[in-house]
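Every read-out reported here was derived from the displayed coordinates using simple, explicitly stated rules and does not represent laboratory data. All values reported here derive from a predicted model rather than from experimental measurement. No Cβ is skipped: glycine too gets one built from the backbone with ideal geometry, and neighbour counts run over all protein chains shown.
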Amino acid sequence: MFRGIDDAVLGSLGWPRPGYLLVLAVCALLVIVGAIGYAFQYFLGMGVSGLSIPVGWGTYITNFVFWVGIAHSGTLISAILYLFRTKWRNRINRSAEAMTIFAIMTAGLFPIIHLGRPWVFFWLLPYPNYRHLWPNFKSPLAWDVIAISTYFTVSLMFFYLGLIPDLAVARDRTKPGWRQKLYSILALGWTGRYEQWRHYARGYLALAALATPLVISVHSVVSWDFAMSLVRGWHTTIFAPYFVAGAIHSGLAMVIVLLILLRRPLGLERLLRVYEFEQMALLMIFTGSVVGYSYAVEAFLSWYSGDVFEQQFAAFRAFGSWAYSPLYWALIVFNVLLPMTFFVKSLRTDLRYLFVAAILVNVGMWLERFVIIVVSLGHDYLPSSWAAYAPRPVELLITGLSFGFFLILFLSFVKLFPSIAMGELKEQMLQQQEGK
Amino acid sequence: MMAETALIRARFEDFGSFEHALHALSHSSFTDYEAYGPVNLAEIEYLMPRKGSAVRGCATMGAVVGLVTLFLVSVLSSRIYDLVVGGKPPVTALPFIIPAYEGTILMGAIAAFVAVIALSRLEGRNPPPAYDRRFGQDSFGITVNCNAAEVDQAIELLERAGAAEVEKVE
């Protein structure tokens, strides 16, 4: 009855095609070159980066916020769409969840990379110490650590719990060897017994219900890293919803990019249909609209507040700099106007167009974080301290490292574990057969 | 002297006959039976001897523990490490809601996860002998534990319900 699903999904775990190996090699190269760049920074100090007073946060924190944002749509697709019983999620949720885990791991590199003395990173950990260091629970930075580590832990449990029934199928269908041993260990002896399903179903629902407010809270907390300070362009109450919508927007774009890239090499064209991509594109119209509304409100309130500093800053960001203003307009085009083209059915169902558009949305979302961080810090209340910042080669190499690192993890995952939730797809098929 | 027992295993190729067999079992004298399937079997709960689950209760308890713990950690550690930052008193309740909120979700989720693993008895590496590999893939299964004298009756019941295969395992 369900053999076709198992065959297609487990068939994708076979020996990779040359294209896959080529992409993997390019990613490995990015990681190696980026690691060399980081070695320079480690031994020579932070001076090799472009970071200085007043722009103390630059490309590294941009990357951190970008990757945390990418992590958001995984749990959105898994948890929120699960609670809404959205059927199209069943074919993409596994990849989106894996993307979430790997994106948080990638984001987690940057606070360490950003440290001037990374060898004493453990000073950040809360443990009784003579330096009287302890997390200041009134600081958004402490909230950030708690929120993101919670998000990672909950996402990992949600991901693993969903994977267990499929690991059991993989265990039962794999020939004896290291793969079968791995699946046997991870499947924990799952047999699909009613006793297991009745606890599993409730546990999965409970985790979905707990993960849903978490999606909203995590990027709200990340936005408060900025909004709680008195920096121009940061100190605004719209930042939390604006960041949450932006995070989901970029995450959806990344899921589209990854799945379009992989559906053919993995032979999953029949399971990953154009319909699923179309639904994600429609969701991006919504998130793009929220992001566009936030940009508009930000500009409007700068004017309406009557605060001359805010007004001057908004004008500077949009029109005042040959270096930064084009980036500001580019992010509006990529994040807001481009997703609006998805209203045209022929465009949102054209996977080549969707692929290019999703990449540009990700570029736009990276630029958004860059403009928020760099332009505000470089253009504060004191004109004598205004400064420009541009990433130095080391920062660009480390940015490349993050993409390579993320893609290596994701590409390894899709060849090692079932990348489509077989159990949920079977359930959906059964419901269709029963006319539900 | 204990009566000799037997384990009967039946395989079903469609959900309808599987459900029908469980219906027949629930109205019979057999009480020790188990169902297997490749999909969530919540639909057949009304036919099974054991219903409900303590997972939600565990998640709620974990959430409450997380809420209280993280709030207390914030308050008590701020009293011990009472550095004044930004002119604010070390203990201010409102900002501590954020760690408490995250603690609620974290501990609730951990409790739910551990409860699923523990209550489902997911501790082994190898499935039991009663398990047929096809149950995880494209078939549904029922095992009946009964007295040796009832074996024929159990086999007949399962075959009549539409089982594709019925065999005595032990």
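So here's what we get for this one:
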| item | result |
| --- | --- |
| Expected 222 nm ellipticity per residue - DSSP helices of 4 or more, -39500 (n - 2.57), all of chain A, to 500 | -22000 deg cm²/dmol |
| Environment charge of B:I44, counting only residues whose C-beta is closer than 11 Å and scoring Lys/Arg +1, Asp/Glu -1 | -1 |
| Spatial extent of the stretch B:45-96: Rg and Dmax, with the Cα atoms as the point set, Å | 19.7, 64 |
| Per DSSP, loop chymotrypsin sites (Phe, Trp or Tyr not before Pro) in the stretch A:33-119 with at most 16 further Cβ within 10 Å | A:F84 |
| 0 to 90° range, to nearest 10: angle between helix A:351-370 axis and chain A longest Cα axis | 40 |
| Percent of alpha-carbon pairs separated by more than 19 Å within the stretch A:1-105 | 68 |
| Cα centroid separation, the stretch A:207-251 to the stretch A:33-60 (Å) | 27 |
| DSSP-loop trypsin sites (Lys or Arg not before Pro) across the stretch B:108-170, with at most 15 other Cβ within 10 angstrom | B:R121, B:R125 |
| Distribution of pairwise C-alpha distances over the stretch B:83-170, 10 Å bins, in % | 12, 23, 18, 14, 11, 9, 8, 5, 0 |
| Gyration tensor (Cα) of the stretch A:253-306, equivalent ellipsoid semi-axes in angstrom | 38, 10, 4 |
| Max mean-square fluctuation residue, GNM over chain B, Cα-Cα springs under 10 Å, options B:F18, B:F135, B:F71 | B:F71 |
| Share of alpha-carbon pairs per 5 Å distance bin for the stretch A:137-184, given as whole % | 5, 20, 15, 13, 11, 10, 8, 7, 6, 4, 1 |
| Binned Cα-Cα distance frequencies in the stretch A:217-298 - 10 Å width, integer % | 18, 37, 24, 15, 6, 0 |
| 10 Å Cβ neighbours from other chains, averaged over peptide B:48-54 | 3 |
| Space enclosed by the convex hull of the alpha-carbon atoms of the stretch A:111-153, per residue, Å³ | 96 |
| Selected from A:P213, A:P176, A:A240, residue furthest toward positive end of dipole (the stretch A:167-257; charges at beta carbon) | A:P176 |
| Fraction of the pair-distance distribution of the protein assembly as shown above 43 Å, Cα-Cα pairs, percent | 29 |
| D_trans [Stokes-Einstein, Kirkwood Rh over alpha-carbon pairs] for the stretch A:242-351, 25 °C, 0.890 mPa s, µm² s⁻¹ | 156 |
| Dipole moment magnitude, nearest 20 debye, the stretch A:272-426 about Cα centre, only Lys, Arg, Asp, Glu C-beta charged | 560 |
| More than 22 angstrom apart: percent of Cα pairs within the stretch A:322-436 | 61 |
| Dipole magnitude (debye, nearest 20) for the protein assembly as shown, charges at Cβ of Lys, Arg, Asp, Glu | 1120 |
| Lysines whose Cα lies under 19 Å from that of A:K175, excluding same-chain neighbours fewer than 8 positions away | A:K415 |
| For chain B, built as a Gaussian network whose Cα springs stay under 10 Å, the top-fluctuating residue of B:E123, B:E34, B:E159 | B:E123 |
| Integer Hz, Karplus 6.51/-1.76/1.60 couplings in order for the stretch B:134-151, x for Gly and Pro | 5, 5, x, 10, 9, 10, 10, x, 9, 10, 10, 9, 8, 5, 4, 6, 9, 4 |
| Alpha carbon Rg of the stretch A:238-279, scaled by the compact-globule rule 2.2 N^0.38 Å | 1.48 |
| Taking N as its residue count, the alpha carbon Rg of the stretch A:150-234 over 2.2 N^0.38 Å | 1.60 |
| Between helix B:15-26 and chain B: long-axis angle, C-alpha atoms, 0 to 90°, nearest 10 | 80 |
| Relative contact order (%) - criterion: Cα under 8 Å, at least six apart; region: chain A | 32 |
| Rounded to whole Å, sorted largest first: equivalent-ellipsoid semi-axes of the stretch A:390-436, Cα gyration tensor | 42, 12, 4 |
| As computed over the stretch A:1-59, the Cα convex hull volume per residue (Å³) | 134 |
| Per-residue ³J(HN,Hα) for the stretch A:399-411, Karplus 6.51 cos²θ - 1.76 cosθ + 1.60, θ = phi - 60°, Hz, x for Gly and Pro | 5, x, 4, 5, 5, x, 4, 4, 5, 4, 4, 5, 5 |
| Scattering curve values for the stretch A:292-378, log₁₀ I(q)/I(0), Debye with Cα scatterers, q = 0.14, 0.23 Å⁻¹ | -0.55, -1.09 |
| Under Karplus coefficients 6.51, -1.76 and 1.60, residue-wise ³J(HN,Hα) of the stretch A:67-78 in Hz, glycine/proline x | 6, 5, x, 4, 5, 6, 6, x, 6, 4, 5, 6 |
| For the stretch B:1-124, the Rg and Dmax computed from alpha carbons only, in angstrom | 24.6, 80 |
| Check: the stretch B:65-170 dipole with +1 on Lys, Arg Cβ and -1 on Asp, Glu Cβ, in debye | 820 |
| Charge dipole of the protein assembly as shown about the Cα centre (unit charges at C-beta), most positive-ward option of A:I77, A:N136, A:M422 | A:N136 |
| Average beta carbon contacts from partner chains per residue of B:68-79, 10 Å cutoff | 2 |
| For q = 0.12, 0.13, 0.16, 0.18 Å⁻¹, Debye-computed log10 I/I(0) when each Cα of the stretch A:102-254 counts as one equal scatterer | -0.74, -0.83, -1.04, -1.15 |
| Fewest-first ranking of A:E276, B:E13, using other Cβ atoms within 10 Å as the exposure measure | B:E13, A:E276 |
| Of A:L83, A:L382, A:L51, the one that fluctuates the most in a GNM where chain A has Cα springs shorter than 10 Å | A:L382 |
| The stretch A:337-389: radius of gyration and largest Cα-Cα distance (Dmax), Å | 17.1, 52 |
| Among B:Y101, B:I80, B:A163 - extreme Cα towards positive end, dipole of the stretch B:73-170, charges at beta-carbon | B:I80 |
